[in-house]
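Taking it in order: structure first as structure tokens, then the write-up.
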Amino acid sequence: MEILFLSLEKESGVINISSSIKNLQPKFHWKCKHTWKRSAKNTAWCLLGCSLGDFGTILFFQFYQIPWLTLSIMILAIINGLITSLLLETIILSRQMHISLAIKTALSMSFISMISMEVAMNVADWIILGEAKLVWWVVPIMLIVGFLTPWPYNYYRLKKYDISCH
């Protein structure tokens, strides 16, 4: 919040008016446990939505052994992860608000957060396995990487702007 300060000074019979603007916003910090917990909850919901579409796409190509390039599968997995995340967010938000507002809110969420989550999960899969494939022991690693990547950004948005989707 910014406040305009006006001051009047009288010198030799002349009135001088001066103004200054001061920012009264508290300084941003990374030490708020409440915000870390709330941003973790938001990130976890996003992770659930993203991973449903992402993992579903990779499993589909894995089970049916469709001969696509790894990059093509991962791009489609990212797109499907974004779609399922938006659907899940809309369902969750529709319990709190009218469906049209829930859709608008879900669409206005931070795609930076969701895309970074999706890319991180797929890069982890590619680094570990060298292809778009799900193996039981890789999934927890992908989920941890997918959670940790956007979490600080989500904390920042929540702390600085009080913007979240849940």
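Using just the alpha carbons, could you tell me how many Å³ per residue the convex hull of segment 33-161 encloses?
Convex hull volume per residue, Cα atoms: 110 Å³.
Net charge near Leu82, counting Lys/Arg +1 and Asp/Glu -1 over other residues with Cβ under 13 Å of its Cβ?
-3
Please rank Phe60, Phe28, fewest neighbouring Cβ atoms within 10 Å first, as an exposure proxy.
So the residues, fewest neighbours to most, are Phe28, Phe60.
Relative to the Cα centre, what is the charge dipole magnitude of segment 33-161, using +1 at the beta carbon of each Lys and Arg, -1 at the beta carbon of each Asp and Glu, and rounding to the nearest 20 debye?
Computed about the Cα centre, the dipole is about 780 debye.
What percent of all Cα-Cα pairs in segment 75-134 falls in each 10 Å bin, counting up from 0?
Bin by bin from 0 Å, the calculated values are 22, 41, 24, 11, 1.
Once the dipole of segment 33-161 is set up with Lys and Arg at +1 and Asp and Glu at -1 on Cβ about the Cα centre, which of Val123, Leu87, Pro67 lies farthest towards its positive end?
Leu87
For Phe28, what is the net charge nearby, where nearby means another residue's Cβ is under 14 Å from its Cβ and Lys, Arg count +1, Asp, Glu -1?
Around Phe28, the charge tally is +4.
Only the coordinates and a few stated rules stand behind these numbers; no lab work does. None of the values given here were measured: they were computed from a predicted structure. No Cβ is skipped: glycine too gets one built from the backbone with ideal geometry, and neighbour counts run over all protein chains shown.
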